[in-house]
Amino acid sequence: MKTFVDAFRFMADNPHLLLEKTGEHLELSGAALGIALVLALPLGLWLGHLHRGLFLAAGVSNVGRALPSLVLIAFGLTIFGVGFWNNTAALVVLAIPPILTNAYFAIDTCDRDVVDAARGMGMTGMQVLLRVELPLGLPFVLAGIRVASIFVIATATIAAVAGGGGLGQIIVNQASYGLSGVVAASLCVSVLAFAAAGILTLVRRTASPSHESLT
Amino acid sequence: MPGQAAELVFDEATKRYPGREGAAVDHLSLTVPAGEICVLVGPSGGGKTTALRLVNRLIELTSGDIRIDGTSVKAQNLVQLRRGIGYVIQQVGLFPHMTIEANIGTVPRLYGRPRSWIKTRSAELLELVGLDPSYAKRYPAQLSGGERQRVGLARALAGNPPLMLMDEPFGAIDPIVRTRLQDEFLRLQREVRKTVVFVTHDIDEAIKIGDRLAVIRTGGRLAQYDTPRAILEKPADDFVAEFIGPDRALKALSLHTLAELELGPPADGPTCGLEMTVRDALALLLEKKATVLAVTDEKGAVIGSITREELLA
């Protein structure tokens, strides 16, 4: 109990340090999520639309989940050297699987009759995807992004071992900041992860097709 | 947007799937005159739906051709072709995330029609298919199966297509509502006069709905193409005879209504309307154990009578 009290005292004593590290943490997580979204979201949606590439969508996930981020960071050191991009790359690899897999299955499992009607009425492939499949699959797509952001925010902590910034720098450096500092920074990471999850849950609720709330 | 009705020609239309023995649709040739309902009828899995989907190219022809008002479907832009053909399927396929109005407005929106135009048009169409205009703002999940299929029909009519493709549209609906929808569809067709290709495996529905029936046997081959009356009176072969059933003489009675018969002077007996089919009148007679029926006009006034002998003549 005393540790937690000390942690809060640490927060009160070092607001600038924590804010700065939180900012770095968000920058790193945000960059990784952004890149992962740009890469995985269109790919997953398009493959799902074509009902092709199940192997890719599922395979990437399994490989991605099996690779520990720490190992990737170690590999990455040889490519990117120490710093921001090495860590970002590792986190991108972590974020892609849930985004890609959920996007793929969200579209792939859309009601076939609804899609058949849309095509039969003369929608182009893109119109079918954007006007029918994506709105219907949106909750599932957002769920994938939510999982990815929690993963990334939590894992961004280990960036510190490869010269990255963020709250991890405090967590892995008990010698300098003491146990209270470590716990305080850990709490910050938790709050960030919960906040991201909460925001995406809210987005998902507002974006849910209104037919669900009406029935 | 298109309009009126188009003539549809199947010209040796064939679909083969690689690696599968036999064709799904085999050299199908028939002409559907503009404004008529052609029912493709036959056993399940016989290639009826495939033949239908060859028209709007949801399935591509292997060989042969299909022409709408003389233009090959292959010569037309895929998206333009489909926008000009109304498409109704058994599971309706309404967009669950859109209001009824937005569903009906799908094709006009693809044509770039303004919102106000779509609003007016969908109100018109709701009325045409017998739904209250207040349905416009509801969602598909709030409607019954029968109501959804009415919306499906309205949605297919919204672009005023000269040709409608209907794939077992009433197949998933309970018998009572189905009968009502069939009656209303025929009433609607008298108003809009589209060329319709209608798929069903229900021979009674086919006889009721179709101006012409195309009986399709397994393997997608045409067994007989003619009016319901001609098919019932003279089935082309054993397959057709077996498919339409041993009671085909009885079925033929449902092609005529009392209005077509010469009525006797008004008499006492169970009453029936002029629009009743001879088959139903006979059933009523048997049920009531009567020998004569009193025939009424639309207002319910007795205007004549018909005897058992006259019905069977």
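The values are calculated or read from the model by the stated rules, or taken from the named source; none is laboratory data. In this text the structure is predicted, and so the values were computed from the model without any measurement. Note that we place each Cβ from the backbone using ideal geometry, even for glycine, and neighbour counts take in every protein chain shown.
Taken over the range A:94-112, the criterion of being of a type outside the set (Asp, Glu), over 21 Å from A:Val152 (Cβ atoms) and assigned to a helix (DSSP H, G or I) is satisfied by A:Ile107, A:Arg112. Total residues in the range B:300-313 satisfying the condition of being at pLDDT 85 or above and more than 20 Å from B:Lys251 (Cα to Cα): the figure is 5.
Considering the conditions (1) within 22 Å of the chain's Cα centre (by Cα); (2) more than 9 Å from chain A (Cβ to nearest Cβ); (3) not hydroxyl-bearing (Ser, Thr, Tyr), B:Gly105 is excluded by exactly one of them, (1). A:Leu50 falls short of the stated requirement of being closer than 16 Å to A:Ala162 by Cα, among the aliphatic types (A, V, I, L, M) and surrounded by fewer than 18 Cβ atoms within 10 Å (Cβ to Cβ). Put simply, of B:Ala136, B:Ala141 the only residue that is over 22 Å from B:Leu54 (Cα atoms), within 11 Å of another protein chain (Cβ to nearest Cβ), assigned to a helix (DSSP H, G or I) and of a type in the set (A, V, I, L, M, F, W, C) is B:Ala141. Each residue in the range B:256-277 was checked for being β-branched (Val, Ile, Thr) and more than 26 Å from B:Arg229 (Cα to Cα), and 1 pass.
Across the range A:58-74, a minimum of one residue is classified as in contact (Cβ under 8 Å) with a residue 24 or more places away in the chain and farther than 15 Å from A:Val93 by Cβ.
The criterion of being at pLDDT below 95, buried (at least 17 other Cβ atoms within 10 Å of the Cβ), on the phi > 0 side of the Ramachandran plot and within 14 Å of another protein chain (Cβ to nearest Cβ) holds for B:Gly93. If we keep just the residues of the range B:154-167 that are within 12 Å of another protein chain (Cβ to nearest Cβ) and out of contact with any Pro (no Cβ under 7 Å at 6 or more places or on another chain), which is nearest to B:Asn103 (Cα to Cα)? Ranking the candidates gives B:Arg155 first.
Criterion applied to B:Leu232, B:Leu222 was being surrounded by 19 or more Cβ atoms within 10 Å (Cβ to Cβ) and touching a residue at least 40 places away in the same chain (Cβ under 8 Å), and the one residue passing it is B:Leu222. Going through (1) over 26 Å from the mean Cα position of the chain (by Cα); (2) in a helix (DSSP H, G or I) one by one, B:Glu147 falls short only on (1).
Taking the range B:68-90 as the range and being surrounded by fewer than 19 Cβ atoms within 10 Å (Cβ to Cβ) and either closer than 27 Å to B:Asp202 by Cβ or away from chain A (no Cβ under 14 Å) (or both) as the test, the residues that pass are B:Asp69, B:Gly70, B:Thr71, B:Ser72, B:Lys74, B:Ala75. Do we have B:Leu40 as buried (at least 23 other Cβ atoms within 10 Å of the Cβ) and assigned to a strand (DSSP E or B) here? Taking the combined requirement at face value, the residue satisfies it. In this structure, A:Leu26 does not satisfy being at pLDDT 85 or above, buried (at least 16 other Cβ atoms within 10 Å of the Cβ), among the aliphatic types (A, V, I, L, M) and more than 21 Å from A:Ala156 (Cβ to Cβ).
If you check A:Val132, A:Val128 for being more than 10 Å from chain B (Cβ to nearest Cβ), within 22 Å of B:Ile85 (Cα to Cα) and over 23 Å from the mean Cα position of the chain (by Cα), only one passes: A:Val128.
Does B:Gly64 satisfy the condition of being without any contact (Cβ under 8 Å) to a residue 60 or more places away in the chain, farther than 17 Å from B:Met166 by Cβ and assigned to a strand (DSSP E or B)? In short, yes.
Considered as a group, the residues in the range A:68-118 that are at pLDDT 90 or above and surrounded by fewer than 15 Cβ atoms within 10 Å (Cβ to Cβ) include one that is nearest to the other protein chains (Cβ to nearest Cβ), and that residue is A:Asp113.
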